[in-house]
Amino acid sequence: MSIAVNPLFAFDNSYARELEGLYEPWEGAPAREPRLLVLNEDLAAELGADVGALSTPEGVAILAGGATPAGAWPVAQAYAGHQFGGFVPRLGDGRALLLGEVIDVQGRRRDLHLKGSGRTPFARGGDGKAAVGPMLREYLIGEAMHALGIPTTRALAVVATGDDVVRETLLPGAVLSRVAASHIRVGTFQYAAAHRDPTLLRRLADYAIARHHPDAADAENPYLAFFEGVVRAQASLVAGWMLVGFIHGVMNTDNMAISGESIDYGPCAFMDAFDPGTVFSSIDHGGRYAYANQPIVAQWNLARLAETLLPLLHADADTAIAAATAVLQSFPERYEEHWRRGMRAKLGLHDAQAQDVTLIDDLLALLQAQRVDFTSCFRALAGAVRGDAAPARSLFARDPAAFDAWAERWRARVSSEAAVPEAVAAAMDRVNPVYIPRNHRVEEALTAATDGDLEAFRRLLDALAEPFDERPGLESYATPAPPGFEDEYRTFCGT
Ligand code: AMP
Ligand code: MG
């Protein structure tokens, strides 16, 4: 039974209005005893929502999914997806709902979505629920990514439901409310392409163009221009992940948003010691979604998107395939360009020079050979520009001479920059974070939160909100996990 309350959000519902066939109307399950654990006040303000009203019992009931806010048109979205390479024609929101879209204070259309709000027609064998730990994890990682300047969905709130969730043990239940540019996934296109209604794919593509790539509408071939827009956005996004050592963990096509935002933080984690083969997810046995594979997988997923678009690209199949392939093949070059520019910035190099590629590759080889902490190393290099190389050098304990040889080449290259050393170092500090969500810190915070103590979570969230500003008292958030932790660390998808 849903209750209408005073409007908290000025909803519009273009997805539900325009994309019949791509959702099931549905409502959330009531929570036994909803309690607000964390509310993103900055994001609420962006949405033009009243923080006070969101914190009232009526507001919390809405954030828990048990009450439908006025103006919302809640739907469970339909999508398909390749999961670890295998196609599943019907996935969809098994435990999530799109409440509607909110036009934010800057005029941007943003989805408001709930996760953990009960079983839907897409639930298959699932219970429709989510636990406190994984929902706070999504909150935390999303805020960290946002502060790092990487496009991401963001959590508005996490509400404890007061219900138990049965996993390996009994866990406290929770509902996450999430804000996204949209929840249209590669898998949404896969679902539409396989649908018996042939107009559905075109309606979806037109909708996605209008919402995410409006310029494509004026192109000679709007659907090809749209595909190119998605390719561009993903090349930039995945380069952003790689530059901070982020591993998504489950890059299935249903977890890739065509908006170019990072979405669905499940078994994701940040890498400490640099190793291209790093995998944390307990279900990723083959290392399909390992750190270094992410650009390759992104392109694979984009190929799946291209396949769905073929009928829209050209009446002649060969012509359509040739056009899509040309755009798809631009991905590696676009990705490399973002990545190289990002890596140069991390090393304090402004203009591109031919030698930069080997300088970057040689540093990464050293990091890997000596198992050096990725984040600490880049941050410490700014110190070397300021005249103190000792902290950076100390990270290469196994073979400091190898670092010295590299650093000499690098310093010579930096001195060819037009900017003075302090300006170079300051620019490096703006792209090399001090604080990332270190796995041992995340686990510590979530374990305590699951036991009812949110103090560590709040402190960690606070550190991650300004990742580039070193602050006294937060030293312990900047250090890697104790030796051995990463080797054993596993993240779980059964969230
Ligand atoms: P995810 O691994 O969270 O990206 O989810 C993959 C698919 O499984 C999506 O269709 C989800 O809606 C569905 N799913 C995951 N967990 C549950 C659950 N507890 N109950 C129902 N559906 C779920
Ligand atoms: Mg998902």
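Overview of results
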| quantity | calculated |
| --- | --- |
| Filtered residue count, the range 435-469, keeping only those that are without any contact (Cβ under 8 Å) to a residue 40 or more places away in the chain and more than 30 Å from Thr161 (Cα to Cα) | 2 |
| Checklist (1) within 14 Å of ligand 2 (Cβ to nearest atom); (2) in contact with a helix residue (DSSP H, G or I) (Cβ under 9 Å, 6 or more places away or on another chain); (3) over 22 Å from Arg90 (Cα atoms) applied to Arg185, failing item | (3) |
| Some residue of the range 275-286 being surrounded by fewer than 21 Cβ atoms within 10 Å (Cβ to Cβ), small (Gly, Ala, Ser) and within 16 Å of ligand 2 (Cβ to nearest atom) | no |
| Qualifying position, being more than 16 Å from ligand 2 (Cβ to nearest atom) and closer than 26 Å to Asp453 by Cα, among Gly133, Gly71, Gly48 | Gly133 |
| Selection from the range 232-258 of residues that are more than 16 Å from ligand 2 (Cβ to nearest atom), under 20 Å from Gln190 (Cα atoms) and either surrounded by 24 or more Cβ atoms within 10 Å (Cβ to Cβ) or of a type in the set (Asp, Glu) (or both) | Gln234 |
| Count of residues meeting criterion [closer than 16 Å to Val434 by Cα and part of a helix (DSSP H, G or I)] in the range 351-385 | 11 |
| Top-ranked residue in the range 81-135 [being touching a helix residue (DSSP H, G or I) at 6+ places or on another chain (Cβ under 7 Å) and of a type in the set (A, V, I, L, M); ranked as farthest from Met251 (Cα to Cα)] | Val105 |
| Tally, over the range 295-305, of residues that are closer than 16 Å to Tyr191 by Cβ and touching a Phe, Trp or Tyr at 6+ places or on another chain (Cβ under 9 Å) | 2 |
| Given (1) within 26 Å of Ile360 (Cα to Cα); (2) more than 10 Å from the chain's Cα centre (by Cα), index of the condition Leu224 fails | (1) |
| Where a residue in the range 244-260 is of a type in the set (Lys, Arg) and its partner, wherever it lies, is away from ligand 1 (no atom under 11 Å from the Cβ), with Cβ under 8 Å and at least six apart | none |
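Computed from the coordinates by the stated procedures, all read-outs in this text should not be read as laboratory data. Given the structure is predicted, the values throughout are model-derived calculations rather than measurements. Cβ sites come from the backbone with ideal geometry, for glycine too, and all protein chains shown count toward neighbours.
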